[in-house]
1. I want the antiparallel fraction of DSSP beta bridges within the chain, as a percent rounded to 5.
2. Lysine pairs, Cα distance under 19 Å, 8 or more residues apart or cross-chain: how many in the chain?
3. If you take the Cα atoms of the stretch 322-423, find Rg, then find the Kirkwood Rh from the mean of 1/r over all pairs, what is Rg/Rh?
4. Between the alpha-carbon centers of the stretch 57-93 and the stretch 403-478, tell me the distance in whole angstrom.
5. Taking just the C-alpha trace of the stretch 281-463, give me its Rg and Dmax in Å.
6. Are there GluC sites (Glu not before Pro) in the stretch 1-75 that DSSP puts in a loop and that have at most 13 other Cβ atoms within 10 Å, and which ones?
7. Read phi for every residue in the stretch 281-294 and hand back ³J(HN,Hα) as whole Hz from Karplus 6.51 cos²θ - 1.76 cosθ + 1.60, θ = phi - 60°, with x for Gly and Pro.
8. Select from the stretch 22-128 those chymotrypsin sites (Phe, Trp or Tyr not before Pro) which occupy a DSSP coil region and have at most 16 other Cβ atoms within 10 Å, ordered by residue number.
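Derivation of every value follows stated rules applied to the coordinates shown; laboratory data play no part. Remember, predicted model here, so these are calculated numbers, not experimental data. As a convention, Cβ positions derive from the backbone with ideal geometry for all residues, glycine included, and neighbour counts pool all protein chains shown.
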Amino acid sequence: MPESLRVLHVASEMAPLIKSGGLADVAGALPAALKRLGCDTRVVLPGYRGAIRKAQEHGVSWHAHPLIIEAGGVDHRVHVGTTVIDGVPVHLLAASELFDRDGLYGPAASVDYDDNARRYAVFAKASLALPGLLNWRPHVVHAHDWQAGLVPALLRRGFINDLPATKSVFTIHNIAYQGSFPAHDLRLTGLDEGLFNPQELAHWGRLNWLKAGVVFADRVTTVSPRYAEEIQLPEYGYGLEAVIAHHRCKLSGILNGIDATTWDPATDPLIASAYSSADVSGKRACQMALRKECHLDENPRACLMGVVSRLVEQKGLDLILDAVEPYILDGRLQLVLLGSGDRHLEQRVHALHARHPGQVFAWYGYNEALAHRVIAGCDALLVPSRFEPCGLTQMYAMRYGTLPIVRFTGGLADTVRDVATGDGWGFTFGPVDLGHFSSVLDRACGMFEHYPSEWQQARLRAMQRDLSWDRAAQGYVDLYRRICNVD
């Protein structure tokens, strides 16, 4: 019988325990999908206050002995709590002085904690010390994003002597966030000072933890094939494009999946009426309920478009706000927006809402239940991102028969085919400007109003796409087996 692959995922957030973005969805779904394929998977996560509180609902057992992790001459007692999510053991690394806080990475979305270098250096070291405590040796340590970027470097440089055969995979979820710290924070890592050079840890005179992951991992992946190509270009590489290009021989893109159990309109308890590709009649009930909840006028002519997103320019929210008003004024478009972020964009959304009561609704913050209702109740979902490593909301939308309107970039380009091809299930546009985005809005509103049968056919094609994590997980299993030589 083939040996079961043992895989330890190191991630800074994981749904349903703690979430700020798409990384949490991946860390929550991929290990479970790997387990279904026969892998022995575990996840290690910082013991944030909120994560521990949520884990207690599932039951948490605490190891009798803490890990003692040194960073910059200071010893930290890291307590190990274990819970089980979807059959996968999840280990929470709790150090109250580091993680017992309200925020994950900072007190606000745009403000980082001053000691993040220490926090995630301790997290990386403790993650690699954990297998010894558990008497469980992984074939692969799979580290996610900059918060775990030190893990491949520590593993390669022998921080833990009893993991000599363990390989590392490092996944870039968003290269815009790199974990850049002053050079003197190298002392927190325990790595040799000689590694602070342009070929390894240094980037423009600072430590760069995402670069550390890229340089030292055995394999590097991105969350879509197109994004793996894009980040080798100055437009998308955020200063690391030359580093990525240099290591492209070990780079590949594996498209994310979605949790097809949580996001299933046939069984979703959060929406007004169940429906499926075999019977989409319930979607009309979802739309009526959403309009009522959001105090929108009943207007069958208007294409109801949704936004579930961080309110930042990367996501193209400024494009939406610049473009939608003429379509709202002539009764062709209504807008439901869920998100928070840049204060200036929030103020613009608030002003749009105030000018068009009954046509625009906005909810500021994150509301998981409302996100399900928006995606189920809308006709289309707007995702005009300037760049998008993968994107999950457009795949949720497809699953719910809500046609995505996306910029042709990254994972959006890998998942959405334009209806103009004759067999597509969404709308795409290229250059990031008002003219091109307005043009795609016009196409969508026109098709919705004048060609309802074509819209319904595109809706069915969207719902029938295979978006499951099982497909994506098989790609990772194949990668793990190649680097470990495990049959």
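1. 30
2. Summing the qualifying lysine pairs gives 9.
3. That ratio equals 0.96.
4. Cα centres, the stretch 57-93 to the stretch 403-478: 42 Å.
5. Here Rg and the maximum Cα pair distance are 14.6, 40 Å.
6. E3, E57
7. Ordered by residue, 3J(HN,Hα) equals 4, x, 5, 4, 5, 4, 5, 4, 5, 5, 4, 5, 4, 9 Hz.
8. Y113
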